[in-house]
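The structure appears below as structure tokens.
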Amino acid sequence: MKKNKQWIKWFLAINVTALIILVVIMILKVTNLQGDARVINYAGRARGATQRLVKQELSGFQNDDLILTLDAILNELFTGIGNNNLSLLKDKFYQSKLKEQIEAWEDLKEKIYTTRDKPDNAGELFILSEKYYDISDDTVDAAETYSANSALFLKNLEYIIVIVSIIIFVTIILLSYNLLHLARLNKKLNEVAYIDTLTGLPSRSQCEIKMAEGGIIEKDLEVSCLMFDLNNLKTTNDELGHAAGDSLLINFANILRSSAPERMFIGRFGGDEFIGIIKDTSEKEIQLFIKTLENNIEKYNENNIIIISYAYGYAMSSSYKEITIKGLLAQADKEMYKRKAQMKNYIA
């Protein structure tokens, strides 16, 4: 159980770490994807603006500002450095196409300047501009392909994150189940440790915890401790068997618990010994409890072959100057043995 629990914890930790890493990668990829879209946009603008520039040049309008703008855009697309906040696409195919486009742009610029001096070269400028358009179109396609691949990677990453999240969820459920099972097991172990399995009453361990509570009993608090001893248990076990003896113990415990005030602690202290502890009480209440117990035992004996016989003793804290619950129980034990001796003398 412990090994399984540790394994699940490690498995959960690994998956949570993996999920965090995947989410970070996804965030970075989304940011890059947004940058890719901007690059595609400016690559397309460079393509379109060049066509507009050529038309202006062929109509006799010289636009040097647009040439400088295109220089800046192409340089930023290639280096990632500029004022347009463009990302550098680190894709070899795209970079090769962009380099080819820049070289074609340099040729096109040279032809523009030549045509300004020699208008007869207008036809060559137009042909070169068409060739440049095709090359720049390839650059845009390369950027779009790279962006599409990045988007596909991002989608696959989303699937992986969902799967890992499901694994983490299932692992948490398994861990929770194990913890719940362990809690139930601990509860059962505590019950075994503190509950007498035969009678269902608190065991000796719980009785000793109760006896150790507090120190000297306060003067204004009346506490009573009672000790009960079941007679003839050994004889019953020897003559009728342990099943009969167990039945005797169970029945006495049930009658004892049902006869006692609800706030009275009743526990099995030993083999045939039981104790009672009650706080904030009076001797009148104790006498009433003993009378109730005697009446209930008498009713039981009238209807059963194996009768219940017991001795009891009790002590009140007000009868002693300074005493603890443990000391008060010792006094109740003495009273119980006195009464037991009297019962034997009476029978004799």
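Every number in this text was worked out from the coordinates using simple rules, so none of it is lab data. Nothing here was measured: the structure is a model prediction, and the numbers come from that model. Ideal geometry is used to build each Cβ from the backbone, glycine not excepted, and the neighbour counts take in all protein chains shown.
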Counting only DSSP loop positions in segment 4-90, the trypsin sites (Lys or Arg not before Pro) whose Cβ has at most 12 other Cβ atoms within 10 Å are LYS90
Using the basic label-point model (7 angstrom from Cα toward the beta carbon), what is the GLU106 to SER247 distance in nanometres? 11.1
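Order these by the 10 Å Cβ neighbour count, fewest first: CYS207, CYS225.
Working: CYS207 24, CYS225 29.
Ascending Cβ contact count within 10 Å gives the list CYS207, CYS225.
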Going through segment 278-348, which trypsin sites (Lys or Arg not before Pro) have at most 13 other Cβ atoms within 10 Å and a DSSP loop state? LYS321
What ranking of VAL170, VAL16 emerges when the number of other C-beta atoms within 10 Å of each C-beta is taken as an exposure proxy, fewest first? VAL170, VAL16
Of LEU248, THR171, GLY82, which is farthest along the charge dipole of the chain in the positive direction, counting Lys and Arg as +1 and Asp and Glu as -1 at C-beta? LEU248
With label points set 7 Å from each Cα along the Cα-to-Cβ direction at MET26 and ALA148, the distance between them in nm comes to 2.4
Proxy exposure order for TRP105, TRP10 (fewest C-beta within 10 Å first) is TRP10, TRP105
